[in-house]
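Here the structure is laid out as structure tokens; the discussion comes afterwards.
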Amino acid sequence: MSFLRHLIPAVLVLSVTLMLAGCESAEERAEGHYKNALSLVEEGDIDRAIVELRNVFKLNSNHKEARRIMAELQLEKGNRSGAYRQYLRLAEQDPDDLDTRIILSRMAFLGGNWEEVNRHGNRIEELAPETPSVQAITLVRTYRDATRDKDLVLLRELGLKANAMLAAQPDNPVLRNIMIDFAMREQDFDRALAEIDWMIAYDPTNNTTYQERLRVLGAMGDEAGFASQLRQMVDIFPDDPTHKATLVRYYISRNKLDLAEEFLRDMTATAGAEETGPTLDVIQFLVQFRGTDFARAELETIIATHPDPLPFQTLAASLDFSQGKHATAIATLEGLLEGAEPSDQTRGVKVTLARMLQTTDNEASARSQIEEVLTKDPNQPGALKVKAGWQIAAGDTDAAISGLRLVLDQRPEDATALSLMADAYEEIGEFELARDFMARAVQASRNAPAETLRLARQLVIEESYLPAEDVLIASLRVDRTNIEILNVLGQLYLRMEDFGRAQGIANALRRIDSETAVQTANKIEAERLRRQRGVDEALAFLQSLATAEDASMATRINFIRAQIDIGDPASALFQAYELEQDFPGTEAGSLVLAVAHAANHDLQAAISLYRTFLDGSPARPDIWLELARLHQRKEDRETAKSLIDEGLTHTPNAANLLAARASFLEQDGEIDAAIAIYEQLHAQNAKSLGIINNLASLLATHRNDAESLQRAWTIARRLRNAQAPAQQDTYGWILHRRGESAEALPYLETAVAGLPNEPLVAYHLGQAYIALNRPKDALTTLRKAVRLANPADTRPQIEEARALVHSLQNAATPGE
């Protein structure tokens, strides 16, 4: 009874408390959690404060101050994507919240997301254009446009303006970033370093700022500072593998292999037993620089002794795969997965297996693996990236972009995901956004060669030569012996007619102990001489190389090709005979002799040589194609067609032979069969503008159903900025067929100017003029189409052109 007497009052108190709590509104309870969060923040207990704030949102998702505190805490923890999402929620709650919009603009700018910079920048300029921090955002957007337009005068004016604005806004990171670029343009490296150091103090976790510091040190030629900065970045960002890879590339390019290996082994020694990444890095280094056998021996020891052998077994399978042992590698991974408990690790193995299956043309199984992974973990980065690649190829770019954003939320500096984003935006014709993502991929990869070359080539296409030079030089500062980057930079200097620096690149290539580097240098030097002093000087240079006592076969072949190019096939044939005598029985010697015979119009001799070669090595699509071309030159079209078909029996997926077959089918009026081949080619290479143009043109020209037109539009969006007249015609015609004739007109008019003798191109323009109610222009253009066509041409478009000319003539008034 005494126990009950004590219990009853306690129960009553608890009941009253629960009743009172039940009387509290959700908003009041949310406020309680909010106050608790503030107290925890004051105590420095950030993790528990975040839990309390999440409790706030469960009860009151519109609590603005809690949302703002959550955003600030996420920033403090270095979770930029999480902070950005919180600020976005605030902006959604109150679209006119100027402070939040300014923060979003700055964060987007510092993250390199110009799409978001422009979105929020437009809004804050509407809300408060005179506010200094808004003017800073406006200034950086204008500065970027001036950079893209290569307006050096405006850039200097804007840089000086940013410098003046800093007096009133010394803590504005946007202005500081402008000043870094401006100082570099002015070659004021001390100022650039000062601004970068300010940015590092402002945000010590921003990778990009440290990368900028590397760029300045490289421009200053401070090798010791450059190496020290790289090593410091490895220590500051221990979980970022790109910094480690960059430092290794730096050592390797300076022929310091022992230092590179020592660094990698140090990383392994200091890593925890459960960390497999550093050891994997060592093995991959050994494969590349110490030999496969040496690497395999160490790998086998690790597999036998490591507590977690799965990553190393996967690497061993990947090594098998890279050496052509595809079935063995796939069987190994399938064996590892059989009966294994599902985990993040096994899902990673499944993604590796999927990539192998895709490479071996087993796409159905590859897709099955990826779907299994995503069913268990919808956010698995590797699987999302593989799937995004498929979606981009299929034209489903919205889904690809959505999936890649999930990857970038987890890994903002995933260079592969950023490159895929660039692919997706290229696919839909958003070239400015694509270029932005290419640039972000270069930054994320720490100027790795693949990402650098892609961006540089795009900039060259756009004739943005100075930015392309900057990108290439930044990569060379890390890896100064990369032959491909040196070659692209040398070709860039030739375009810029900066012959002194082109010669410097050739000299740098010759200092590399590589036959490929020497041949690349010779080509750059020959082209420099041709442009600077004329063909004779270039030919004399190549001849001096080819007649040297130690001349290589490659050097002599370059000389022979140069003779053919300048119109001296007889001399080329003489040199080709000598080459074959000096290097008897070699493939290169026989093929060059065949080329020389063809250049001298001895087609039968060339055909015989090619045929002899194919008897021993039939899986050579390039030779089959050349044979077909020679028979076309002999006006033997049927034999040419049969040679393409014969070549395809040996290499069924050879893109060049499939394209040739599709072209013959198109000429023969077998349009559906040609489309089927182009669809196959597009699945193999969705980036080829030639394939895109041919497929889209056939779909839009020879089919009238809505599905075909939509398919043509989906794949042709890459042609929006195309310069080739045929591609402009295709894009313009598809626009017209979609009812966008006004937008189509500039493309079609440019195409007619570039292809003045093509009747179908004139027909397309005439149809656009009719749609735009311009009958006089339509009549003139359609008359041209009819005049250009052969009188026996009975293609539906030409027949329609004739009918339209007759109709337009009858509708014209006598005064016209």
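The values are calculated or read from the model by the stated rules, or taken from the named source; none is laboratory data. The structure presented is a predicted model; accordingly, all values stated were derived computationally and were not measured. Here the Cβ is made from the backbone with ideal geometry for all residues, glycine too, and neighbour counts use every protein chain on show.
Take region 576-587 and flag every residue that is surrounded by fewer than 21 Cβ atoms within 10 Å (Cβ to Cβ) and assigned to a helix (DSSP H, G or I). Once the filter is applied, which keeps residues that are surrounded by fewer than 21 Cβ atoms within 10 Å (Cβ to Cβ) and assigned to a helix (DSSP H, G or I), region 576-587 yields Tyr577, Glu578, Glu580, Gln581, Asp582, Glu587.
Just one of the listed residues (Phe289, Phe237) is aromatic (Phe, Trp, Tyr), at pLDDT below 90 and over 26 Å from the mean Cα position of the chain (by Cα), and it is Phe289. Only one entry in Arg106, Arg89, Arg101 is part of a helix (DSSP H, G or I), surrounded by fewer than 20 Cβ atoms within 10 Å (Cβ to Cβ) and in contact with a helix residue (DSSP H, G or I) (Cβ under 9 Å, 6 or more places away or on another chain), namely Arg89.
Of note, Thr547 satisfies the criterion of being of a type in the set (Ser, Thr, Tyr) and modelled with pLDDT under 90.
Would you pick out the residues in region 258-285 that are free of Cβ contacts under 8 Å to residues at least 24 places away in the same chain, out of contact with any Gly (no Cβ under 9 Å at 6 or more places or on another chain), hydrophobic (A, V, I, L, M, F, W, C) and surrounded by 14 or more Cβ atoms within 10 Å (Cβ to Cβ)? Within region 258-285, Leu259, Phe263, Leu264, Val282 meet the criteria. Hey, any hits in region 212-230 for a residue that's buried (at least 20 other Cβ atoms within 10 Å of the Cβ), assigned to a loop (DSSP other than H, G, I, E, B) and in contact with a His (Cβ under 9 Å, 6 or more places away or on another chain)? There is no residue in region 212-230 that is buried (at least 20 other Cβ atoms within 10 Å of the Cβ), assigned to a loop (DSSP other than H, G, I, E, B) and in contact with a His (Cβ under 9 Å, 6 or more places away or on another chain). The criterion of being surrounded by fewer than 21 Cβ atoms within 10 Å (Cβ to Cβ), over 17 Å from Ala441 (Cα atoms), out of contact with any Leu (no Cβ under 6 Å at 6 or more places or on another chain) and of a type outside the set (Phe, Trp, Tyr) holds for Arg367.
For region 671-698, a tally of residues being hydrophobic (A, V, I, L, M, F, W, C) and part of a loop (DSSP other than H, G, I, E, B) returns 1. Evaluation of Arg661 against the conditions (1) farther than 16 Å from Leu765 by Cα; (2) modelled with pLDDT under 95 shows that the sole unmet condition is (2). Tell me yes or no: at least one residue of region 652-670 is more than 17 Å from Leu695 (Cα to Cα), assigned to a helix (DSSP H, G or I) and either polar (S, T, N, Q) or over 31 Å from the mean Cα position of the chain (by Cα) (or both). Scanning region 652-670 turns up no residue that is more than 17 Å from Leu695 (Cα to Cα), assigned to a helix (DSSP H, G or I) and either polar (S, T, N, Q) or over 31 Å from the mean Cα position of the chain (by Cα) (or both). Among the residues of region 285-324, those that are of a type in the set (Gly, Ala, Ser) and closer than 20 Å to Val351 by Cβ comprise Ala316, Ala317, Ser318, Ser322. The set of residues from region 590-648 being within 16 Å of Ala572 (Cα to Cα) and at pLDDT 95 or above is empty.
Of the set (1) assigned to a helix (DSSP H, G or I); (2) surrounded by 15 or more Cβ atoms within 10 Å (Cβ to Cβ); (3) touching a residue at least 40 places away in the same chain (Cβ under 8 Å), all apply to Leu73 but (3).
Summed over region 396-450, the residues that are at positive phi and either surrounded by fewer than 19 Cβ atoms within 10 Å (Cβ to Cβ) or in contact with a Gly (Cβ under 9 Å, 6 or more places away or on another chain) (or both) give a count of 1. The residue list Ser571, Ser608, Ser590 contains one member that is exposed (fewer than 15 other Cβ atoms within 10 Å of the Cβ) and part of a helix (DSSP H, G or I), which is Ser608.
Within region 703-723, the presence of at least one residue that is more than 23 Å from Gly669 (Cα to Cα) and touching a Ser or Thr at 6+ places or on another chain (Cβ under 7 Å) is confirmed.
The helices (runs of 4 or more DSSP H) found wholly in region 747-815 and carrying at least 2 residues that are closer than 18 Å to Asp729 by Cβ, among the charged types (D, E, K, R) and in the same structural domain as Ala722 (by TED's automatic domain parsing) occupy 775-788. Inspection of region 103-111 finds a residue satisfying the criterion of being closer than 25 Å to Ile69 by Cβ and hydroxyl-bearing (Ser, Thr, Tyr). In region 24-47, the residues that are within 13 Å of Lys58 (Cβ to Cβ) never reach a residue that is among the aromatic types (Phe, Trp, Tyr) with C-beta atoms less than 6 angstrom apart, at least six apart or across chains. Being small (Gly, Ala, Ser) and surrounded by fewer than 17 Cβ atoms within 10 Å (Cβ to Cβ) is the filter here; which residues of region 189-208 pass it? Across region 189-208, the qualifying residues are Ala194, Ala201. Scanning region 385-417 for residues that are farther than 19 Å from Arg355 by Cα and either aliphatic (A, V, I, L, M) or not in a helix (DSSP H, G or I) (or both) yields a total of 9.
Take Arg720 and decide whether it is touching a residue at least 60 places away in the same chain (Cβ under 8 Å) and part of a helix (DSSP H, G or I).
Considered against the rule, which asks whether it is touching a residue at least 60 places away in the same chain (Cβ under 8 Å) and part of a helix (DSSP H, G or I), Arg720 comes out as yes.
Restricting attention to region 77-105, the residues being without any contact (Cβ under 8 Å) to a residue 12 or more places away in the chain and more than 30 Å from the chain's Cα centre (by Cα) number 3. Scan region 418-459 for residues that are within 24 Å of Gln391 (Cβ to Cβ) and not in a helix (DSSP H, G or I) and the total you get is 4. As for region 244-252, it holds no residue that is outside the structural domain of Asn79 (by TED's automatic domain parsing) and either farther than 22 Å from Val442 by Cα or exposed (fewer than 14 other Cβ atoms within 10 Å of the Cβ) (or both). Could we say that Trp713 is under 32 Å from the mean Cα position of the chain (by Cα) and either in a loop (DSSP other than H, G, I, E, B) or at pLDDT 95 or above (or both) here? So Trp713 does not fit the description; no. Give the residues of region 179-202 that are over 21 Å from Ile473 (Cα atoms), in contact with a helix residue (DSSP H, G or I) (Cβ under 7 Å, 6 or more places away or on another chain) and among the charged types (D, E, K, R), sorted by residue number. Of everything in region 179-202, just one residue is over 21 Å from Ile473 (Cα atoms), in contact with a helix residue (DSSP H, G or I) (Cβ under 7 Å, 6 or more places away or on another chain) and among the charged types (D, E, K, R), namely Glu195.
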